[in-house]
């Protein structure tokens, strides 16, 4: 029996039922016959896709995976109720640690594959990365927030955009921004000093780090000083709302992404989201237009383009204006890099501070190493020379990976690690599923241990076992900046403070979310070093 036989049988059965109901032969109505046939075939196709193909026909049905799905909406409720964007994927990875892919069912019993091995991750992200594109659900989840920039470019368009943008993300240009990073980190430390005096040292980390990271990103991406920018506070507050929304907005976002698009529905939560999104775009559109005009005047010799960054490095917006990008394309890129560039780094710093409060012995070793820096303004090479800081940073991004999920869908039939993946199949990349796989990281994968980076072996030593920035051609173009910013800020923080936790037990997380964020922020007590 071919794979289409069940569909034909179903259609025939429904046609017979339809004929009996409508008495088609007695009506002699050709249109009625055609309409009934089309309706029957449509219903048969739905039934086939929902209940027959995934269970009895699909070439993926024999792959390991959970069986506790809902008969109609798959593992939708499990994912929503998990309480973490990393679950249930990490639990599945521990149950089937040696499988390259874990199969599960999404809404409408649509098959999806969780990438579960280093080899499969390498093929999906590097060897055959252009055989996959972003799936519709991921576009709905993220595109509203970060625009249609490099993240959503595919194939040749992605290659062309990345080739142009590579220059501004090159190492020498990134290093030129380090003094600006350090200045903003020290300003943050001054705020923490005031909190010690005025609020017994209690600070809310998410908001504080988001503000600082947005200032750094605004300098690098837009070439502006956010503190002097009239709409700086609006930008920060808008991003805070869309990345850490109230519970009702989280629910609406989940429905919008995984069930059906409902952003248009006339609810106040939707209206506020759309209003803030429109305001963000309006503010950034004005910045883009002003920069295009400045570059035009510079070329005509009327003026010299003011370098607004604190360091002298070339900002992204100026580069694109000089390259002649359209204002709409520039807007999409600055939306992408302003949102994604500040949010993941800020989130990583939240988890770094949390880790320092949880593990005093690690904090003490880190502080002792940073204390060896004799230069009050360490260079990028000084920072890179700190071995334990590098281990701590890598372990932090493994254990608390800010980027929670990435989606892909196959645009052609492809074979990965011996698994034939049909065109249209959805794939999910959850870095945490790789990062906590005991076959990769050993029986103590659940332990936060910076020293593990001195004894890597087997798959753990493969660069593809560590996925906070992805790998391959679609890997994060801003990785060098994020890495330098993260470590540069940690150096300034640990030099001046230690941190005490205020929350016992597990930290509640925003879910669903593309970023691993504490729900409602995270508070700690800042203590000045003697």
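How high is the FRET efficiency between residue 204 and residue 411 when r is their beta carbon distance and R₀ equals 45 Å, given to the nearest 0.05?
0.55
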| query | residue 94 versus residue 502, label points 7 Å from Cα toward the beta carbon: distance in nm? | reply | 3.0 nm
| field | C-alpha long axis of helix 5-22 to longest principal axis of the chain, angle in ° | value | 60 degrees
| Cα-based shape type of the stretch 193-281, given that a ≥ b ≥ c are square roots of the gyration tensor eigenvalues and the cut on a/c is 1.5 | oblate
| Sorted by packing (mean other beta-carbon atoms within 10 Å per residue), highest first, where do 157-166, 231-240 land? | 231-240, 157-166
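For residue 260 and residue 523, calculate 0.36 nm times their separation in residues minus their Cα-Cα distance, and state this gained length in nm to one decimal. Write down the numbers at each step before the final one.
Numbers: separation 263, 0.36 × 263 = 94.68 nm, distance 3.55 nm.
Additional length available on full extension: 91.1 nm.
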| said: How much length would be gained if the chain were fully extended between residue 191 and residue 447, taking 0.36 nm per residue of separation minus their Cα-Cα distance, in nm to one decimal? | reply: 88.9 nm
| query | What 222 nm value per residue comes from the helices of the chain, counting each DSSP H run with n ≥ 4 as -39,500 (n - 2.57) and dividing by all residues, nearest 500 deg cm²/dmol? | reply | -16000 deg cm²/dmol
| query | When 463, 47 are ordered from fewest to most other Cβ atoms inside 10 Å of their Cβ, what list results? | reply | 463, 47
| query | Which shape class applies to the chain: rounded if a/c is under 1.5, otherwise prolate when a/b exceeds b/c and oblate if not, where a ≥ b ≥ c are the square roots of the Cα gyration tensor eigenvalues? | reply | prolate
| Fewest to most neighbouring Cβ within 10 Å: what's the order for 499, 400, 152? | 152, 400, 499
| said: Test of understanding: ordering 317, 439 by Cβ neighbours within 10 Å, fewest first, what list do you get? | reply: 439, 317
| Gain upon complete extension [residue 228, residue 278; 0.36 nm per residue less C-alpha separation] | 15.8 nm
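Each value in this text was obtained by applying a stated rule to the coordinates, not by laboratory testing. What you see is a predicted model; the values in this text were computed from it and never measured. Neighbour counts run over all protein chains shown; Cβ positions are idealised from the backbone, glycine included.
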